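What follows is a short report on a single structure.
The values are calculated or read from the model by the stated rules, or taken from the named source; none is laboratory data. Predicted model only: the values in this text are computed from it and were never measured. When we count neighbours, we look across all protein chains shown, and the Cβ atoms used for this are built from the backbone with ideal geometry, even at glycine. Ligands, DNA and RNA are excluded from the accessible area calculation, which covers all protein heavy atoms including side chains. Shrake-Rupley method; radii C 1.70, N 1.55, O 1.52, S 1.80 Å.
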Amino acid sequence: MSIEIEGIGKNFGAFAALSNVNLNVPSGELVALLGPSGSGKTTLLRIIAGLESPDSGRVLFNGEEATQRQVQDRQVGFVFQHYALFRHMTVFDNIAFGLTVKPKKLRPGKQEIRDKVYTLLKLIQLEQLADRYPGQLSGGQRQRVALARALAVEPQVLLLDEPFGALDAKVRLELRRWLRRLHDEIHVTSVFVTHDQEEALEVADRIVVMNRGSIEQQGTPSEVYDHPATPFVFDFLGNVNLFQGRVHKGTAQMGGMNLSSPEHASAVDAPAVGYVRSHDIAIERVATDAGALEANVRYLLSVGPLVRVDLMLSNGDGTIEVDLPREEADRLQLSVGEKVFARPRKMRVFVDDYQI
Amino acid sequence: MQVAKHHKSGVKGSRSTTEPAWVRYLLLAVALGFLSLFLLLPLAAVFVQALDKGWEAYLAALKEPDTLSAIWLTVLTAACCVPVNLFFGIVAAWAIAKFSFPGKSLLITLIDLPFSVSPVVSGLIYVLIFGLQGWLGPWLQAHDIKIIFAVPGIVLATVFVTFPFVARELIPLMESQGRDEEEAALTLGASGLQTFFRVTFPNIKWGVLYGVILCNARAMGEFGAVSVVSGHVRGSTNTIPLQVEILYNEYSYAAAFAVASLLALLALVTLVLKTVAEWKIQQTLSEAESER
């Protein structure tokens, strides 16, 4: 089932949680709503589910108006950050709940419910825990049960609100890969909310970046990552260094560097900000041209496969962070206090000082 | 005991921080002595006085028609009050804990009103409204409806006085449990009633029982408000506490204490049930805690 969001707005008192949001989720896609807390992503998800009603705008399911439809009639599966399992019911009863509350005419028989629940338990690999209570399960197990419970009613849409937010790093990684595989198997239209850019990049077919109640950009993970539409998106996805400068007729001057910036060919001496990801900077011992900045190594830090180099710029513009692959760092043999040159390989220049 | 504990957390591991044995025993003795003097002794006195003239006289005092009628009226009053307050208590707690709406804090304050008002005033309110000189008095008289100095007045006054018990118990419990589970049930297609009976109620049932026990104990033991509206008509509008007072004022001590012992028994049973319910609530709460 496809979802269309048209001009949705929602206020909580004086706070505008969402303003004029438009979004299409094609049938069968796995879409991530990505943004910092307070960006409105959870509110949007709850509006799709019918747990919250919008102040303006429409929600359409498969092109049909669904804004006024009750939660119960929307056929959505909702997975909560804190699982929301029924604590007084066993795992089996939790998963069976959606089937047992159906009106008598539509309710499957006891055996049918049993078969269905065990199929789902097998899917989440927890068959042996059917008689346990939620309190006796680990966080990862609970979230899988919550997912099975949501899938039991065969929802047309699966909505997940920070589904892995309460789990520890390793379980989170396992579970999100499992979710991706699951989605490849069952192809139910899914929307999940996350503030973790890595999670969104890894799992989603499409990413919708949200900020302050509106959508900043949407696209495939590589589109959003490689071609951020706004400074906010650039900043939110990954580690970024900022350079203040000016653009003039297709050339950007940033802290002593001259870089070509063909997309701003018409700009006349306009203030601009250059964004460079920390892994898009090369460190050299010798300056070759005006595209590099002189700096001193402040400190070095090993982060797993990367070495993070903190540089103090010699022109007094502050510090920048560079992520080097370990081999590269081993080859350079940097030491603290040493003078080097930092050369941005890729810079994205935004004219007009955006505040982020 | 408090003192000993305090010192322990202050200076850890030092032997000198443990109070000497005689201090501990002295503190214990003072606490237990106080408890016995002011709580256990009077309770025992009630039963001793009640059985002063023997088992036979005790039973005879209870079988007195006026006393039987008082017992009956008390049970009837409680049987009316508890379901009414159970219903309104759950509804109010549900509204307060699960929804946000303007005037919410006012509603919470109003629920507490019966606690802060003297029971005598609660009774007088009803006399002012339904009494002969009251707002609705003439109309009620014209239609031959008796509320004050009759059973309806007693029930109304008791409902008012016991209103907060269920709601007060449930509001914090329901607030601590959040509304995630209810929302989950709704997304799974459950109706409002199904959600209540299959998800909400099992989570609050011990809290409900706790509230009902306290509500019942107060309904049966209420004196002030009932005294104002009852009119003390023997064998007709006397509840157990009023009957005790009348018997006592007539110097029939044995009978007064025999009837009073019923209330004392009720208190003991209430205590036991309350402890069980409290323990169960703690269990559900810690389960909720572990789920987070």
A:L259: passes all of (1) under 30 Å from A:S335 (Cβ atoms); (2) open to solvent by 30 Å² or more (accessible area, probe 1.4 Å); (3) in a loop (DSSP other than H, G, I, E, B) but (3)
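Condition check: free of Cβ contacts under 8 Å to residues at least 24 places away in the same chain and open to solvent by 50 Å² or more (accessible area, probe 1.4 Å). Does B:P65 satisfy that?
When the stated conditions are applied, B:P65 does not pass them.
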Six or more apart or on different chains, Cβ under 7 Å: which pairs go from a residue in region B:110-130 that's more than 19 Å from B:F223 (Cα to Cα) to one that's open to solvent by 60 Å² or more (accessible area, probe 1.4 Å) and in a helix (DSSP H, G or I)? Could you list them?
B:I111/B:R168
Number of the condition not met by A:T194 [criteria: (1) closer than 18 Å to A:K346 by Cβ; (2) touching a residue at least 60 places away in the same chain (Cβ under 8 Å)]:
(1)
Just give me the residues in region B:131-160 being closer than 18 Å to B:E222 by Cβ and among the polar types (S, T, N, Q), in sequence order.
B:T158
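Residues checked against (1) in contact with a Pro (Cβ under 6 Å, 6 or more places away or on another chain); (2) away from every other protein chain (no Cβ under 14 Å); (3) closer than 30 Å to A:G98 by Cα; (4) open to solvent by less than 50 Å² (accessible area, probe 1.4 Å):
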| residue | (1), (2), (3), (4) |
| --- | --- |
| B:T109 | no, yes, no, no |
| B:L136 | no, yes, no, no |
| B:W139 | no, yes, no, no |
| B:V151 | no, yes, no, yes |
| B:G178 | no, no, yes, yes |
| B:A190 | no, no, yes, yes |
Tell me whether region A:82-90 contains one or more residues that are more than 20 Å from A:L182 (Cα to Cα), free of Cβ contacts under 8 Å to residues at least 12 places away in the same chain, more than 25 Å from the chain's Cα centre (by Cα) and open to solvent by 10 Å² or more (accessible area, probe 1.4 Å).
no
For the structure I just gave you, tell me whether A:K116 is basic (K, R), in a loop (DSSP other than H, G, I, E, B) and either free of Cβ contacts under 8 Å to residues at least 40 places away in the same chain or more than 14 Å from every other protein chain (Cβ to nearest Cβ) (or both).
no
Among the residues of region A:129-150, are any basic (K, R), within 12 Å of chain B (Cβ to nearest Cβ) and in a helix (DSSP H, G or I)?
yes
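Could you list, in sequence order, all residues of region B:161-173 that are away from chain A (no Cβ under 14 Å) and of a type outside the set (F, W, Y)?
Across region B:161-173, the qualifying residues are B:V161, B:T162, B:P164, B:V166, B:A167, B:R168, B:E169, B:L170, B:I171, B:P172.
So, restricting to helices (runs of 4 or more DSSP H) that lie completely within region B:61-148, which ones have at least 1 residues that are over 30 Å from B:F201 (Cα atoms)?
Ranges flagged: B:65-98, B:119-130, B:137-142.
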Could you grab the pairs with beta carbons closer than 9 Å, sequence gap of 6+ or different chains, first residue in region A:261-281 and more than 21 Å from A:D323 (Cα to Cα) and touching a residue at least 24 places away in the same chain (Cβ under 8 Å), second one among the basic types (K, R) and in a helix (DSSP H, G or I)?
none
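Kindly establish whether B:T195 is in contact with a strand residue (DSSP E or B) (Cβ under 6 Å, 6 or more places away or on another chain), open to solvent by less than 30 Å² (accessible area, probe 1.4 Å) and within 14 Å of chain A (Cβ to nearest Cβ).
no
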Is there any pair with a first residue in region A:216-227 that is among the small types (G, A, S) and a second that is loosely packed, with under 13 Cβ neighbours inside 10 Å and at pLDDT below 95 whose Cβ atoms are under 8 Å apart and which are 6 or more apart or on different chains, and what are they?
A:G219/A:H227
Could you please give the count of residues in region A:152-208 that are open to solvent by less than 40 Å² (accessible area, probe 1.4 Å) and part of a helix (DSSP H, G or I)?
10
When region B:49-60 is checked residue by residue, the ones that are assigned to a helix (DSSP H, G or I) and of a type in the set (D, E) are B:E56
Among the residues of region A:231-256, the number that are basic (K, R) and not in a strand (DSSP E or B) is 1
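This table checks each residue for (1) within 12 Å of the chain's Cα centre (by Cα); (2) at negative phi; (3) modelled with pLDDT under 90; (4) not acidic (D, E).
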| position | (1), (2), (3), (4) |
| --- | --- |
| A:H183 | no, yes, no, yes |
| A:T189 | no, yes, no, yes |
| A:V193 | yes, yes, no, yes |
| A:A200 | yes, yes, no, yes |
| A:D205 | yes, yes, no, no |
| A:M210 | yes, yes, no, yes |
| A:I215 | no, yes, no, yes |
Within region A:63-91, can you find the residues that are in a helix (DSSP H, G or I) and in contact with a Leu (Cβ under 8 Å, 6 or more places away or on another chain)?
A:V71, A:Q72, A:V91
When residues of region A:223-239 are limited to those that are open to solvent by 30 Å² or more (accessible area, probe 1.4 Å) and in contact with a helix residue (DSSP H, G or I) (Cβ under 7 Å, 6 or more places away or on another chain), the one modelled with the lowest pLDDT:
A:N239
For B:A185, work out the one condition from (1) over 30 Å from B:A70 (Cα atoms); (2) touching a residue at least 12 places away in the same chain (Cβ under 8 Å); (3) away from every other protein chain (no Cβ under 14 Å) it doesn't fulfil.
(3)
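Being among the hydroxyl-bearing types (S, T, Y), under 28 Å from A:Q253 (Cα atoms) and touching a strand residue (DSSP E or B) at 6+ places or on another chain (Cβ under 9 Å) is true for just one of A:S302, A:S314. Which residue is that?
A:S314
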Quick one: is A:S39 in contact with a strand residue (DSSP E or B) (Cβ under 7 Å, 6 or more places away or on another chain), part of a loop (DSSP other than H, G, I, E, B) and small (G, A, S)?
yes
Considering (1) away from every other protein chain (no Cβ under 14 Å); (2) surrounded by fewer than 14 Cβ atoms within 10 Å (Cβ to Cβ), say which one A:L33 fails and leave the rest.
(2)
Only listed residue being at pLDDT below 90 and closer than 30 Å to B:L68 by Cβ, chosen from B:A142, B:A225
B:A225
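Please enumerate the residues belonging to region A:54-106 that are farther than 24 Å from A:L126 by Cβ and within 13 Å of another protein chain (Cβ to nearest Cβ). Give the steps one after another, and end with the answer.
Filtering region A:54-106 for residues farther than 24 Å from A:L126 by Cβ gives A:54-75, A:103-106.
Of everything in region A:54-106, those that are farther than 24 Å from A:L126 by Cβ and within 13 Å of another protein chain (Cβ to nearest Cβ) turn out to be A:R69, A:Q70, A:V71, A:Q72, A:D73, A:R74, A:Q75, A:P103, A:K104, A:L106.
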Given (1) open to solvent by 30 Å² or more (accessible area, probe 1.4 Å); (2) over 25 Å from the mean Cα position of the chain (by Cα); (3) more than 14 Å from chain A (Cβ to nearest Cβ), number of the condition B:L263 does not satisfy:
(2)
Residue under question is A:L123, and the condition is that it be more than 14 Å from A:L85 (Cβ to Cβ) and open to solvent by less than 20 Å² (accessible area, probe 1.4 Å); does it hold?
no
Some residue of region A:269-283 being surrounded by fewer than 19 Cβ atoms within 10 Å (Cβ to Cβ) and of a type in the set (K, R)
no
